[in-house]
Amino acid sequence: MKIYSTESSGCLKLSFTGELDHHGAKSAMKTIDDLIDEYLPRNLIMDLGELNFMDSSGIALILRVNRRMADMGGRAWVENPYGQPLRVLNASGIDRVVKVFSKAT
């Protein structure tokens, strides 16, 4: 899995590609923590449009990012999930905690 980032006017966008599973989640969180520390964003978008697989480790990562942003007084949300990652998000009920914006729903 790879994470690409762009920042503009206090908004950090993280674009995930590949597979987010147990093996990649720990290094992904380290990367995300480093980016948050570097940019100190007010808003953080997790774009899952290029993610083709996600397990419960992805849910944990999203919740951790959301908590980190809330602790900083910011917001985080998910955009563009589809296919298998969208099914995982829907089954988890994560949308009760983190906003999920999907064209498929």
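The values are calculated or read from the model by the stated rules, or taken from the named source; none is laboratory data. Everything numeric here is computed off the predicted structure, so don't read it as measured data. Neighbour counts run over all protein chains shown; Cβ positions are idealised from the backbone, glycine included.
The table that follows gives values for the structure above.
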{"item": "Within the stretch 79-105, tally of residues that are farther than 15 Å from ASN66 by Cα and aliphatic (A, V, I, L, M)", "result": "4"}
{"item": "Criterion (in contact with a His (Cβ under 8 Å, 6 or more places away or on another chain) and on the phi < 0 side of the Ramachandran plot) met by exactly one of ASP34, ASP55", "result": "ASP55"}
{"item": "Only listed residue being modelled with pLDDT under 95, surrounded by 14 or more Cβ atoms within 10 Å (Cβ to Cβ) and in contact with a strand residue (DSSP E or B) (Cβ under 8 Å, 6 or more places away or on another chain), chosen from GLY58, GLY24", "result": "GLY24"}
{"item": "Residue in the stretch 80-98 that is of a type in the set (Lys, Arg), at pLDDT 95 or above and surrounded by 14 or more Cβ atoms within 10 Å (Cβ to Cβ) present", "result": "no"}
{"item": "Some residue of the stretch 13-20 being free of Cβ contacts under 8 Å to residues at least 24 places away in the same chain and out of contact with any Lys or Arg (no Cβ under 9 Å at 6 or more places or on another chain)", "result": "no"}
{"item": "Flag if THR17 is under 12 Å from the mean Cα position of the chain (by Cα) and either part of a strand (DSSP E or B) or surrounded by 13 or more Cβ atoms within 10 Å (Cβ to Cβ) (or both)", "result": "yes"}
{"item": "Cross-chain or 6+ apart pairs with Cβ under 8 Å, the stretch 59-87 first and under 16 Å from ASP21 (Cα atoms) and among the basic types (Lys, Arg), then assigned to a helix (DSSP H, G or I) and modelled with pLDDT of 95 or more", "result": "ARG64/MET29"}
